[in-house]
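Laboratory data are not the source of any read-out in this text; all were calculated from the coordinates shown. Treat the numbers as computed from the prediction; the structure is a model and nothing was measured. All Cβ positions, even for glycine, are placed from backbone atoms using ideal geometry, and neighbour counts span all protein chains on display.
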Amino acid sequence: TNLAGAASKDNKRYFGDAYQSFYLADPRYGPILDSQFSAYTPENEMKWEVIEPTRGVFNWTGSDLIVAHAKKTHSIVRGHNFCWDSQTPSYVTSITDPTELTQVLEEHINAVLGRYGNDLYAFDVINEPLNDNGTIKSSVWSNVLGENYIETALTIAHKAAPNVKLYINDYNIEGVNSKSQALATIAKNLLDKGVPLHGIGFESHFIGGELPGDISQSMKQFTDLGLDVAITELDIRVPVDSSGIANATVRKLQADNYATVVQACLDNGNCPGVTVWGFDDGHSWIPGVFAGQGDANLYDFNYQPKPAYYSTLAALQNG
Ligand code: G3I
């Protein structure tokens, strides 16, 4: 029994992990990756600053390794990402001319999808485009190209790789609120115009005990439009002690929360799968960003499965 197997069997879902290629240097990482997961997202190695740090100069090292590993294990890859307000080099963010910015975007997308277009299942073309109040977030993309950058990037990406499912990915849209409602309106307008948009990513960086109660309803806002909704970056952070570890009561609550999220995906016929943002607490972005919180993943610092692993597996098996 394993997560990927349980997800695929009756449910026909993938179960994925986000990682960086060098995590495999730890000999304990690969066996769990290979036995439990059927989808990979490069945690950083397909981001602009990594892959094209200088205009026209490409670094394919990490992304090549992840794509090759997926071929070896017959896993799928979700690419991540093209347009974001973070991890984008200054030669891009300093551009003020719309024509030049569109040109640079097209060169970048064509290079990445030219190399990987046949190897990818999906791509987060647009990452985190909205503020929590539903307005468009400030970035070089929105500031120079206006909201239209979303349509422009999706159109370029679809032309470069017609078989890749193109996503808008964001956080705080997992419940029905101003942000998810604004995104649903944007998505509907794009689809009405015939823009190639295929899915919405619910990042799902949750806090233990604070899941939105209406994840299924929020998913429906998008799947009713004919879009897929994938869980793309799931982790559930909780308060930890000075060793970065949570107590048993908290881990039990967290386990219930993991199962709830997985169940929301299984309950919607247009949720193709769940990706966790790292499977072990030793490779989590949380402690570095949220002091006093962590223990957010399915496995502990010693690669031992936690209650959240077993509740996730059970939800997939029973789903
Ligand atoms: O690669 C450099 C290295 O050369 C340098 O020496 C080192 C020193 O700081 O930094 C390394 O870069 C780090 C990079 O991860 C690669 O490890 C950055 O500092 C660090 O900020 C960066 O963090 C990533 C973060 O995105 C950046 O915004 C996290 O690993 C990654 O998990 C996180 O992922 C995001 C998703 O892409 C979008 N949604 C939210 C999610 C969590 O923030």
Given Cβ charges of +1 for Lys and Arg and -1 for Asp and Glu, the option among Ala246, Gly269, Gly175 whose Cα lies farthest towards the positive end of the dipole of the chain is Gly269
Can you figure out the FRET efficiency of Gln217 with Ser90, using R₀ = 41 Å and their beta-carbon distance, to the nearest 0.05? 0.50
Looking at Ile236, Gly79, Thr312, which one has the Cα that reaches farthest to the positive end of the dipole of the range 3-318 (charges on Cβ: Lys, Arg +1; Asp, Glu -1)? Thr312
Tell me, what does the Kirkwood hydrodynamic radius of the range 122-198 come to in angstroms if you use every pair of distinct C-alpha atoms? 12.7
Highest-first arrangement of 279-289, 52-62, 134-144, 148-158, where packing means the average Cβ count within 10 Å: 148-158, 279-289, 134-144, 52-62
So, in Å, what gap is there between the alpha-carbon centers of the range 1-52 and the range 132-172? 25
Of all C-alpha pairs within the range 177-306, those more than 26 angstrom apart amount in percent to 29
Convex hull around the C-alpha positions of the chain: the volume in Å³ per residue is 125
Sort 108-115, 67-74 by packing, meaning the average of other beta carbons within 10 Å per residue, with the highest value first. 108-115, 67-74
Rel. contact order, % - alpha carbon contacts under 8 angstrom, at least six apart, the range 3-318: 16
With no solvent and one equal point scatterer placed on each C-alpha of the range 1-76, evaluate the Debye formula and give log10 I(q)/I(0) for q = 0.11, 0.15, 0.19, 0.26 Å⁻¹, two decimals. -0.32, -0.54, -0.78, -1.18
Glu49 paired with Asp241, simple spin-label distance in nm, labels 7 Å along Cα-to-beta-carbon: 3.5
